[in-house]
Every structure is written in structure tokens, then in C-alpha cells.
1. When the Kirkwood radius is taken over all Cα pairs of the chain, what Stokes-Einstein diffusion coefficient follows at 25 °C and 0.890 mPa s, in µm²/s?
2. What 222 nm value per residue comes from the helices of the chain, counting each DSSP H run with n ≥ 4 as -39,500 (n - 2.57) and dividing by all residues, nearest 500 deg cm²/dmol?
3. What relative contact order, as a whole-number percentage, does the chain give when Cα pairs under 8 Å and 6 or more residues apart are counted?
4. Dividing the convex hull volume of the Cα atoms of the range 83-159 by its residue count, what figure in Å³ per residue is obtained?
5. Based on the alpha-carbon set only, what is the convex hull volume of the range 46-100 divided per residue, in Å³?
6. With everything on Cα atoms, drop me the angle between helix 40-55 and the longest principal axis of the chain, reported from 0 to 90° to the nearest 10.
7. What residues qualify as long-range amide H neighbours of THR116, i.e. H under 5 Å apart, gap of 5 or more or another chain, H built at 1.01 Å from N?
8. Against the longest alpha carbon principal axis of the chain, how many degrees, from 0 to 90 and to the nearest 10, is the axis of helix 87-98 turned?
Amino acid sequence: VRKEYFHLIIKELFNPEFAMFKYNEDTKMYWFNGSTFEPNINFELVGILMGIAFYNNMFIDMPVVSTCYKILLDVEADYDDMAQWQPETAKSLQYILDYKESDHDGRPLEDIVGRTFTVDFEQFGVMKEVELKPNGKNIPVTKENRAEFVQLFISYEFK
């Protein structure tokens with residue numbers, strides 16, 4: 001009965017209707033949705049449930065990215081964490097980091113990627129834009145600042 005209880009409640013907590021977690025179809029993993037309308041107390045309740053399950057020697061299947069443990073230990077997320085959570089996005093970030101003008105007829109990075117220090121995302125059907133740093137929408141990603149962009153992007157994704 002305990003096993004079924006934990007299975008059902010965890011399944012319900014990860015229900016997309018609550019929008020507490022984002023799901024990646026490719027990796028079959030979840031991550032916390034920082035733009036949910038759910039109050040923080042609900043995330044605390046998830047933690048309490050995990051503790052109760054552990055106390056009762058119950059294994060619960062919560063396919064959350066392992067970066068969760070790093071954050072609990074106050075360790076900054078990095079490229080490897082992004083590669084685990086969103087492999088395609090990580091490849092794009094690696095492309096920015098590895099970009100060489102000599103491979104693209106001398107064209108600068110900002111002409112190729114056309115990125116600024118912003119992140120675009122959809123929240124309940126509405127497109128939103130968040131600046132990764134002050135005035136970020138007016139700062140193009142260049143060869144000189146690309147490492148900063150990548151780190152700010154990863155930090156934002158795992159906030």
C-alpha cells in the first residue's frame with residue numbers, strides 16, 4: 001500500500017497540469033519550472049514527500065536531472081549539466097564557444113548566431129523574453145563575451 005501511495009502521489013506531482021516541472025522528451029527527465037505560478041511551499045512539500053519516502057525505505061522513481069544534487073551542495077551548474085538536461089541546446093552553446101571566424105569566411109559570431117543576452121521562452125501560451133544581464137537585449141553575443149553568455153544561459157536554465 002505504501003509503495004502504491006508514493007507511486008501515485010509522485011506521478012500526480014509531475015502532472016503537466018500543475019506546471020511545477022519541465023519535461024524533456026528526448027532525455028525523459030524533469031527539471032523544476034522556475035516560471036510556474038505554483039507557490040514555493042508546493043516544492044517544499046515535494047521535498048518533504050521525498051524525505052518521508054526515504055524514511056520509509058521506499059524507492060521513488062523521480063527522473064530529475066542529477067544537477068539537483070549539485071545545487072543542493074551549492075555547486076554551480078556547468079556545460080555537462082546542460083548536456084544532460086538539454087543535449088541539443090548544449091550542442092548549440094558548444095557551437096558558440098567553438099566558433100572560428102576563419103571557418104565562416106571571416107564573418108563575426110554576432111552575424112552568424114544573431115543572439116543577444118536574452119532567453120526566450122513560452123509561459124502558458126505567451127512568449128516571454130528575459131535578459132540575462134542588465135540591458136541584455138541590446139548586447140550581442142560576440143567572440144569576446146561568448147563564454148559569459150554561455151555561463152549566464154546555463155545559470156538561468158538551472159535557477
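1. Numbers: Rh = 17.9 Å.
Translational diffusion coefficient: 137 µm²/s.
2. Working: 7 runs with 70 residues, N = 159.
Dividing the helical sum by the residues of the chain leaves -13000 deg cm²/dmol.
3. Working: 150 pairs, mean separation 27.0, N = 159.
Worked out over the chain, it gives 17 percent.
4. Details: hull volume 8.3 nm³, N = 77.
In the range 83-159, the Cα convex hull volume per residue is 108 Å³.
5. Values: hull volume 4.7 nm³, N = 55.
Dividing the Cα hull volume of the range 46-100 by its residue count gives 85 Å³.
6. 60
7. Residues meeting the amide H criterion: VAL141.
8. 30
Computed from the coordinates by the stated procedures, all read-outs in this text should not be read as laboratory data. Remember, it's a predicted structure, so these values are computed and weren't measured experimentally.
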